[in-house]
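Only the coordinates and a few stated rules stand behind these numbers; no lab work does. For clarity, every value in this text was computed on a predicted model and none was experimentally measured. Glycine also receives a Cβ, built like all others from the backbone with ideal geometry; neighbour counts cover every protein chain displayed.
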Amino acid sequence: MPGSEPSRFEHWGFGTSAAHAGEHLVTGEFQPTSTPIYNASGYFMPSFDALDEVFDGRRPGYFYSRNANPTVAALESAVSTLEGAADTVAFASGMAAIHAAFVAAGLRPGERVVASRDCYGLTRTLLTSHFAEQGVQVQFVDLTDASEAAEAMATRPRVVYLETISNPLLKILNVPALAAAARAAGALTVVDNTFPSPYLARPIQWGADIVVHSATKYLGGHGDVTGGTASTADPELGGRLRRQAVVLGSVLGPNEAWLCHRGLKTLPLRMKQQCQNASVLAGWLSGHSQVARVYYPGLGCHPGHVLAAEMFGGRFGAMVSFDLADPRRVVARQFMDALELIAPAPTLGDLRSLVMYPPLASHRGLTPAQRAEVGIGDGLIRLSVGIEDAPDIIDDVRRGLAACGV
Ligand SMILES: *Cc1c(COP(=O)(O)O)cnc(C)c1O
């Protein structure tokens, strides 16, 4: 059944754990080298008593796939190992995981949530439409600003919600400090750890209560699956998360779980290469005359550089954003349309490099004035750097920049 890995994983490094975690779950007459995809909606019960015992939790086993499925459980177990969690629940998407995390953390009518102002667009919508309409008080705060954060904590929220690295400006949030402040204020902290992945950050170690992922991004890593996870060190919170998945039916299917788990095994290899490529690319962009500003936490000029270096152990992620020197939409179009290797796609974290234009996608719903207020101009380009060879990525960006303003 879902849960934590055996203790041997505690002694292994991240790469070893990623390659092996979860796979111990299948035993029996023969043991396949990979967890099978259990395309079963339910499970035969060997006897009347077994039925009673399995439902009761007195006997390990599976009875119905909305409650638990061995392929999904293997993924959940692996994510628990990599995040240092006691329990993980897989969901049909990142948004389903985020919704479940809010409910499990106790967000109810009359309660208050303080969320990072730069959070993912649809998370913002979830809070402002879905939860606010039910009577939840929602406040967005610049959580990189210590005094704004302290003021918000003083309002005694039920939940504090933040993203380790913000989108698309890649601001770094001080998760250990914010989680401690939230705890002192009586709030639970929910962290969206999608951008750094557990390769860079394991927020549970820093006191986060629930860590969520869009597994669609780095965990899956191949652009072939939609999924989400929510992990916690608290078994009771884990139970509440699972109840959300089971009752709302927002569970991940076994085929999707298998793809996520397959992707997860190479997370450390992919991230290593992607972080390295991103760092080289950010340095190259910084010296380019057609680039006004580069947003990458690995650069010394980034306001979160020192914090990121401390939190992520000298690695800085694989997302790079930059402002074109000529910040007009028509120039951004010239840049993007000239690219041959880097594909325009409103997603990220794939092993291939992707480009995204926030004013047309994630921040489309804001007016130009609202975008300007959060620092997103018409010259902003966001790159999700892939595993390709760095010189090829740079060549393509050079091609894009050469097409600007001609
Ligand atoms: C993509 C994304 C989500 C939403 O995940 P889905 O799998 O698309 O539902 C949430 N948070 C962040 C940071 C994301 O990048």
Exercise. Kindly identify segment 295-406 as rounded, prolate or oblate by the Cα gyration tensor criterion: order the square roots of the eigenvalues as a ≥ b ≥ c, call it rounded if a/c is under 1.5, otherwise compare a/b with b/c, prolate if a/b is larger, else oblate.
Key: oblate
Exercise. With everything on Cα atoms, drop me the angle between helix 254-264 and the longest principal axis of the chain, reported from 0 to 90° to the nearest 10.
Key: 50 degrees
Quiz item: If you stretched the chain out fully between ASN255 and SER47, how much longer would it get, using 0.36 nm times the residue separation minus the C-alpha to C-alpha distance?
Solution: 72.0 nm
Quiz item: Between rounded, prolate and oblate, where does segment 1-126 land on the alpha carbon gyration tensor, with a ≥ b ≥ c its root eigenvalues, rounded for a/c under 1.5, else prolate if a/b exceeds b/c?
Solution: oblate
Quiz prompt | Two-site FRET efficiency, GLU148 against GLN205, from Cβ-Cβ distance with R₀ of 22 Å, rounded to 0.05 | solution = 0.30
Practice problem: Any chance you could give the angle, 0 to 90 degrees and rounded to 10, that helix 267-286 forms with the longest Cα principal axis of the chain? | Solution: 10 degrees
Quiz item: Taking H as built 1.01 Å from N, whose amide H comes closer than 5 Å to the amide H of ALA115, not counting residues under 5 places away?
Solution: GLN139, PHE140, VAL141, TYR161
Quiz item: Rounded to the nearest 500, what is the chain's calculated 222 nm mean residue ellipticity when only DSSP H runs of at least 4 contribute -39500 (n - 2.57) each, over all residues?
Solution: -11000 deg cm²/dmol
Exercise. Over segment 54-141, calculate the relative contact order: mean separation of alpha carbon pairs under 8 Å at least 6 apart, over the residue count, as a percent.
Key: 21 percent
Quiz item: Cα gyration tensor of segment 134-274, axes a ≥ b ≥ c as square roots of the eigenvalues: rounded (a/c below 1.5), prolate (a/b > b/c) or oblate?
Solution: oblate
Quiz item: Got a sec? Which residues in segment 317-345 would a label at ALA402 touch, if it sits 7 Å along Cα→Cβ and we count backbone N under 16 Å?
Solution: 334-342
Quiz item: Given DSSP loops and a limit of at most 13 other Cβ atoms within 10 Å, what is the longest stretch of the chain that contains no such GluC sites (Glu not before Pro)?
Solution: 30-339
Quiz item: Taking 0.36 nm per intervening residue step and subtracting the Cα-Cα distance, what contour gain separates TYR64 from TRP12 on full extension?
Solution: 15.4 nm
Quiz item: So what is the relative contact order for the chain, in percent, with contacts set as C-alpha pairs under 8 Å and at least six apart?
Solution: 16 percent
Quiz item: chymotrypsin sites (Phe, Trp or Tyr not before Pro) within segment 31-113: which are DSSP loop residues with at most 15 other Cβ atoms inside 10 Å?
Solution: PHE44, PHE63
Practice problem: Return a whole-number percent for the relative contact order of segment 92-196, with Cα pairs under 8 Å and 6 or more residues apart as the contact set. | Solution: 29 percent
